[in-house]
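Undergrad: Have a look at this one.
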Ligand SMILES: Cc1cc2nc3c(=O)[nH]c(=O)nc-3n(C[C@H](O)[C@H](O)[C@H](O)COP(=O)(O)O)c2cc1C
């Protein structure tokens, strides 16, 4: 609620100002979520949400989505750092890079959700490595959300779909977010719809 008044004050008390209305929209959608959607999305489904994030945008998306799905997000951590050029080349070539130990046995999981940034129209080598390590995942449903600067989401989703299908998984839904919208805190409504898709309450999203 504080955010709403701050937003209105910052806009010289003009509540009808488009920037103020944006605060009203964001705050009201959170109220709707707290009092209605949260209960509506309760489920027994065992969901594992894993993500990689370098600069924090995908982390923010993953945390919002995990909150909506009532799960704790699990972060993929690189085992060692490398330069920007190497990162981009490995992503472009679809290579893997070592990661720290992370949950990869899906025997006690019903649904896997992966959140990843778009790198070179594909995904970071750490995400490729994670998928290559998955075990007991055959026949399980998965969903992906990719976070990007502005282009390449479709290609990155296609890339992830191929890798996940090679592991015998079924990509049941996907979506993307854009960096500037994450910075402006306006992806929450979109993630509510995606969370409903994961819970099977809406048809599969784009
Ligand atoms: C090596 C590298 C390659 C990238 N390639 C793309 C790209 O092809 N398309 C795009 O829209 N954004 C691209 N980006 C931008 C990221 O997808 C974007 O900044 C995203 O928000 C980063 O997520 P993060 O903050 O979780 O690391 C690239 C970023 C890096 C570091």
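Undergrad: Quick one: is residue 63 in the same structural domain as residue 166 (by TED's automatic domain parsing), within 16 Å of the ligand (Cβ to nearest atom), free of Cβ contacts under 8 Å to residues at least 12 places away in the same chain and touching a strand residue (DSSP E or B) at 6+ places or on another chain (Cβ under 9 Å)?
TA: yes
Undergrad: Of all residues in segment 150-176 being touching a residue at least 40 places away in the same chain (Cβ under 8 Å) and closer than 21 Å to residue 54 by Cβ, which is surrounded by the most Cβ atoms within 10 Å (Cβ to Cβ)?
TA: Residue satisfying both the conditions and the ranking: 156.
Undergrad: Can you pull out the residues in segment 122-149 that are in contact with a strand residue (DSSP E or B) (Cβ under 9 Å, 6 or more places away or on another chain) and either within 11 Å of the ligand (Cβ to nearest atom) or touching a residue at least 60 places away in the same chain (Cβ under 8 Å) (or both)?
TA: Selection gives 123, 124, 125, 126, 127, 130, 145, 146, 147, 148, 149.
Undergrad: Scan segment 79-88 residue by residue and report those that are touching a residue at least 12 places away in the same chain (Cβ under 8 Å), over 22 Å from the mean Cα position of the chain (by Cα) and within 12 Å of the ligand (Cβ to nearest atom).
TA: Passing the criteria: only 82.
Undergrad: Another question about this same structure. Does residue 22 qualify as being within 21 Å of residue 185 (Cβ to Cβ), at pLDDT below 65, surrounded by 11 or more Cβ atoms within 10 Å (Cβ to Cβ) and not assigned by TED's automatic domain parsing to the domain that holds residue 127?
TA: Numbers: within 21 Å of residue 185 (Cβ to Cβ): yes; at pLDDT below 65: no; surrounded by 11 or more Cβ atoms within 10 Å (Cβ to Cβ): yes; not assigned by TED's automatic domain parsing to the domain that holds residue 127: yes.
Against the criterion (within 21 Å of residue 185 (Cβ to Cβ), at pLDDT below 65, surrounded by 11 or more Cβ atoms within 10 Å (Cβ to Cβ) and not assigned by TED's automatic domain parsing to the domain that holds residue 127), residue 22 does not qualify.
Undergrad: When you go through 182, 193, 102 one by one, which is the residue that is closer than 25 Å to residue 46 by Cα and touching a residue at least 40 places away in the same chain (Cβ under 8 Å)?
TA: The conditions single out 102.
Undergrad: Scan the helices (runs of 4 or more DSSP H) fully inside segment 49-137 and keep the ones with 3 or more residues being surrounded by 19 or more Cβ atoms within 10 Å (Cβ to Cβ) and touching a helix residue (DSSP H, G or I) at 6+ places or on another chain (Cβ under 7 Å). Walk me through it before giving the result.
TA: Working: elements: 57-69, 84-93, 125-133.
Hits in segment 49-137: 57-69, 125-133.
The values are calculated or read from the model by the stated rules, or taken from the named source; none is laboratory data. Note that the structure is predicted; figures quoted are calculated from it, not measured. Because the Cβ atoms are built from the backbone with ideal geometry, glycine has one as well, and the counts that use them run over all protein chains shown.
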